[in-house]
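The values are calculated or read from the model by the stated rules, or taken from the named source; none is laboratory data. Treat the numbers as computed from the prediction; the structure is a model and nothing was measured. No Cβ is skipped: glycine too gets one built from the backbone with ideal geometry, and neighbour counts run over all protein chains shown. Heads up: the accessible areas ignore ligands, DNA and RNA and are worked out on the full protein's heavy atoms, side chains in. Shrake-Rupley method; radii C 1.70, N 1.55, O 1.52, S 1.80 Å.
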Amino acid sequence: MKTRMLLGAVVLVAMVVTAVSATRPPTYEASAVLMVGQKELSDGKIHLIPLAPAPETLQQLTQTMAIAIESRPVAEGTIRRLGVGMSPADLLNNLTAEPVEASQLIRLSYTDTDPARAKEVVNAVGRESSESLSVAAAAVMTATVIDKASVPEAPASPRPLRNGLLALVVALALSAALIGVRRRVWRNEGRER
């Protein structure tokens, strides 16, 4: 009887998690890619970073540029560029800039409830980053958008079915552990009598 009640509670929890997830507004994630490069001053051409002194330098530079992209000045420039009424903090809360491991690439991602706005904002961040960081790096380093974002077709979240199944699996595992502990306690109590 107690096991049936526990399993019923597990199913109920999974159903509640699924229902709550389904009521959340969908959010969309748009992504763009920047390439960090080195500009030679003599010919004005953009050269890829392998001309840099060492791979460690490339990784440090790419990480530094990713951090700079998530800065207030880039957010303010992006907001001016778009002419939107959002705060830099709001923009930065929905923006990520992550270096792609062992490369010169930085992946920019922006989440929003409007898929077209997510695309527009991440592309504007890419342009603003490219222009402002190249200037800040004394025109020696460049950040070039090599892959613009497109409008995301499917929401990144919520995923009600996945959330419900995950809740079901976790609840079943906890229930199985609780049942196992309870049986062990009953056996030990029976031996003590």
Return yes when N123 is without any contact (Cβ under 8 Å) to a residue 12 or more places away in the chain, polar (S, T, N, Q) and closer than 19 Å to P152 by Cβ and no when it is not.
-> no
Open to solvent by 80 Å² or more (accessible area, probe 1.4 Å), more than 21 Å from P26 (Cα to Cα) and at pLDDT below 90, is that true of A102?
-> yes
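Residue by residue, here is whether (1) within 24 Å of V36 (Cβ to Cβ); (2) touching a residue at least 40 places away in the same chain (Cβ under 8 Å) holds:
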{"position": "T78", "(1), (2)": "yes, yes"}
{"position": "T113", "(1), (2)": "no, yes"}
{"position": "R117", "(1), (2)": "no, no"}
{"position": "T142", "(1), (2)": "yes, yes"}
Taking the range 133-159 as the search range and keeping residues that are open to solvent by 40 Å² or more (accessible area, probe 1.4 Å) and either outside any loop (DSSP other than H, G, I, E, B) or under 20 Å from S103 (Cβ atoms) (or both), which one is modelled with the highest pLDDT?
-> K148
In the range 80-99, what count of residues is obtained for those that are surrounded by 15 or more Cβ atoms within 10 Å (Cβ to Cβ), farther than 17 Å from L34 by Cβ and hydroxyl-bearing (S, T, Y)?
-> 0
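Evaluate the range 18-31: report whether one residue or more is among the charged types (D, E, K, R) and either at pLDDT below 70 or touching a Leu at 6+ places or on another chain (Cβ under 9 Å) (or both). First the steps, then the outcome.
First pass over the range 18-31, keeping only residues among the charged types (D, E, K, R): 24, 29.
When the remaining residues are screened for being either at pLDDT below 70 or touching a Leu at 6+ places or on another chain (Cβ under 9 Å) (or both), the result is none.
For the range 18-31, residues among the charged types (D, E, K, R) and either at pLDDT below 70 or touching a Leu at 6+ places or on another chain (Cβ under 9 Å) (or both): absent.
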Could you list, in sequence order, all residues of the range 46-92 that are more than 22 Å from the chain's Cα centre (by Cα), among the small types (G, A, S) and at pLDDT below 90?
-> A52, A54, G85
